[in-house]
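S.K.: Below: one structure in structure tokens.
The values are calculated or read from the model by the stated rules, or taken from the named source; none is laboratory data. Keep in mind that what you see is a predicted model, and the values were worked out from it rather than measured. Methodologically, a virtual Cβ is constructed for each residue, glycine included, from the backbone with ideal geometry; neighbour enumeration extends over all protein chains shown. Remember, those area values only see protein heavy atoms, side chains included, never the ligands or the DNA or RNA. Shrake-Rupley method; radii C 1.70, N 1.55, O 1.52, S 1.80 Å.
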Amino acid sequence: MTGNTPAASTSLVEALAAGTLVLDGGMSTQLESAGHDLSDELWSARLLAERPEAVIEAHLAYFMAGANVAITASYQATFEGFAKRGIDRAESARLLALSVELAREAARQAHDEGIVRPLWVAASVGPYGAMLADGSEYRGRYGLSVDALERFHRPRLEVLAAAAPDVLALETVPDTDEATALLRAVRGLGVPAWLSYTVDGDRTRAGQPLDEAFALAAGVDEVVAVGVNCCAPGDVDHAIGTAARVTGKPVVVYPNSGETWDAKARTWTGRATFTTEQIKAWHDAGAHLIGGCCRVGPRAITSIARTLAMV
């Protein structure tokens with residue numbers, strides 16, 4: 001499971017300049033719909049070790065649904081998180097690299113199934129709070145310095161970059177401290193990155209104004225897109241305009257379905273508010289990468305792909 005993805009001779013950066021691309025949906029959403037239990041602290045990263053074929057199947061479902069870009073199952077994959085399960089550093093590095101290889105394999109299988117469009121792989125880099133598995137990625141401000149956060153992120157970024165994804169997805173970032181650390185950590189890796197905050201209204205989850213948050217990435221050459229993910233669909237509109245104005249870079253958006261997670265009951269409540277009309281509006285506002293996060297599955301990705309094909 002090595003080598004470049006078939007038909008992806010155009011780089012992701014070049015493709016972004018040419019038009020709008022479709023991201024996949026929630027990895028956990030698809031795995032859970034296939035019957036996999038993700039209640040473990042490692043979440044979907046556990047399946048890298050135990051059921052790698054399930055990860056391939058999830059990626060493949062999104063490619064077949066219309067996605068151009070697959071985000072790997074490495075969001076919650078860290079050396080520290082794996083160590084809690086007795087997995088040593090060498091095996092942890094293998095699993096991080098494997099996350100990229102599994103997405104590449106899904107792309108190969110998609111081409112075998114008749115998909116002819118270029119397909120790309122984004123290596124997910126979740127926030128420090130994802131490793132804690134206590135919901136703190138939606139609060140930020142972990143009590144760590146920027147230097148400490150950089151030391152946490154850099155080793156796995158090095159491993160993921162060495163696996164040669166098309167882009168590093170620095171995603172679900174809750175505050176500017178962690179963004180600063182991540183932007184330091186990607187320097188010199190030789191792989192482009194996007195920076196995506198999780199937000200509440202017009203601020204990061206930690207409460208910083210989005211213009212200040214996006215400004216951190218404006219002069220970072222490694223960053224090829226900025227935006228938001230794992231937020232309510234209604235939070236996207238403001239973010240697109242702010243990100244484009246402040247950075248001049250392509251904008252990436254992949255919100256949740258609009259349902260609300262009840263942490264106490266451990267269930268989703270409310271109704272989905274992700275609509276075709278929103279997708280068109282995001283495109284018209286300047287979004288270059290559009291997909292979904294939690295509770296957004298292959299059916300929604302097909303809707304996004306069909307909508308973007310008509311604009």
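S.K.: Among the residues of the stretch 301-310, are any assigned to a loop (DSSP other than H, G, I, E, B), touching a residue at least 40 places away in the same chain (Cβ under 8 Å), among the aliphatic types (A, V, I, L, M) and open to solvent by 60 Å² or more (accessible area, probe 1.4 Å)?
M.R.: Within the stretch 301-310, not a single residue is assigned to a loop (DSSP other than H, G, I, E, B), touching a residue at least 40 places away in the same chain (Cβ under 8 Å), among the aliphatic types (A, V, I, L, M) and open to solvent by 60 Å² or more (accessible area, probe 1.4 Å).
S.K.: Only residues in the stretch 235-263 that are within 18 Å of Asp284 (Cβ to Cβ) count as the first member; pair them with residues that are open to solvent by less than 40 Å² (accessible area, probe 1.4 Å) and among the polar types (S, T, N, Q), Cβ under 7 angstrom, at least 6 apart or cross-chain, and list the lot.
M.R.: Within 7 Å, the pairs are Val252/Ser196; Tyr254/Asn229; Pro255/Asn229.
S.K.: Sticking with this one: Could you say which residue among Arg85, Arg89 is touching an Asp or Glu at 6+ places or on another chain (Cβ under 9 Å) and open to solvent by 10 Å² or more (accessible area, probe 1.4 Å)? Walk me through it before giving the result.
M.R.: On the way: Arg89 fails: touching an Asp or Glu at 6+ places or on another chain (Cβ under 9 Å).
Among Arg85, Arg89, only Arg85 is touching an Asp or Glu at 6+ places or on another chain (Cβ under 9 Å) and open to solvent by 10 Å² or more (accessible area, probe 1.4 Å).
S.K.: Also: If the Cβ limit is 9 Å and pairs must be 6+ apart or interchain, which residue in the stretch 80-101 that is without any contact (Cβ under 8 Å) to a residue 60 or more places away in the chain and aromatic (Phe, Trp, Tyr) pairs with which residue that is open to solvent by 10 Å² or more (accessible area, probe 1.4 Å) and not in a loop (DSSP other than H, G, I, E, B)?
M.R.: Phe82/Ala49; Phe82/Arg89; Phe82/Glu91
S.K.: Taking into account only those residues within the stretch 84-112 that are charged (D, E, K, R) and under 12 Å from Glu53 (Cα atoms), which is nearest to the chain's Cα centre (by Cα)? Outline the logic, then answer.
M.R.: Of all residues in the stretch 84-112, those charged (D, E, K, R) come to 84-85, 88-89, 91, 94, 101, 104-105, 108, 112.
Of the ones still in play, those that are also under 12 Å from Glu53 (Cα atoms) are 101, 105.
Details: Glu101: 16, Glu105: 18 Å.
The residue in question is Glu101.
S.K.: Could you figure out which of (1) within 22 Å of Arg306 (Cβ to Cβ); (2) buried (at least 23 other Cβ atoms within 10 Å of the Cβ); (3) at pLDDT 95 or above isn't true of Pro233?
M.R.: (2)
S.K.: Considering only residues that are free of Cβ contacts under 8 Å to residues at least 40 places away in the same chain, in a helix (DSSP H, G or I) and not charged (D, E, K, R), which ones fall in the stretch 110-168? Please lay out each step first, then the result.
M.R.: Within the stretch 110-168, the subset free of Cβ contacts under 8 Å to residues at least 40 places away in the same chain is 112, 114, 132, 134, 136, 142-151, 153-154, 157-158, 161.
Within this subset, residues satisfying the condition of being in a helix (DSSP H, G or I) are 112, 132, 136, 146-151, 153-154, 157-158, 161.
Listed by number, the residues that qualify are Leu132, Ser136, Val146, Ala148, Leu149, His153, Leu157, Ala161.
S.K.: Look through the stretch 40-79, keep the residues that are part of a helix (DSSP H, G or I) and touching a Phe, Trp or Tyr at 6+ places or on another chain (Cβ under 8 Å), and return whichever of them is surrounded by the fewest Cβ atoms within 10 Å (Cβ to Cβ). Steps first, please.
M.R.: Step one: filter the stretch 40-79 for residues part of a helix (DSSP H, G or I), giving 43-50, 52-65, 79.
From what's left, touching a Phe, Trp or Tyr at 6+ places or on another chain (Cβ under 8 Å): 43-45.
Numbers: Trp43: 20, Ser44: 28, Ala45: 30.
Ranking the qualifying residues of the stretch 40-79, first place goes to Trp43.
S.K.: From His288, His283, grab the single residue that is within 28 Å of Phe63 (Cβ to Cβ), outside any helix (DSSP H, G or I) and of a type outside the set (Val, Ile, Thr). Full working, then the answer.
M.R.: Numbers: His283 fails: outside any helix (DSSP H, G or I).
The match here is His288.
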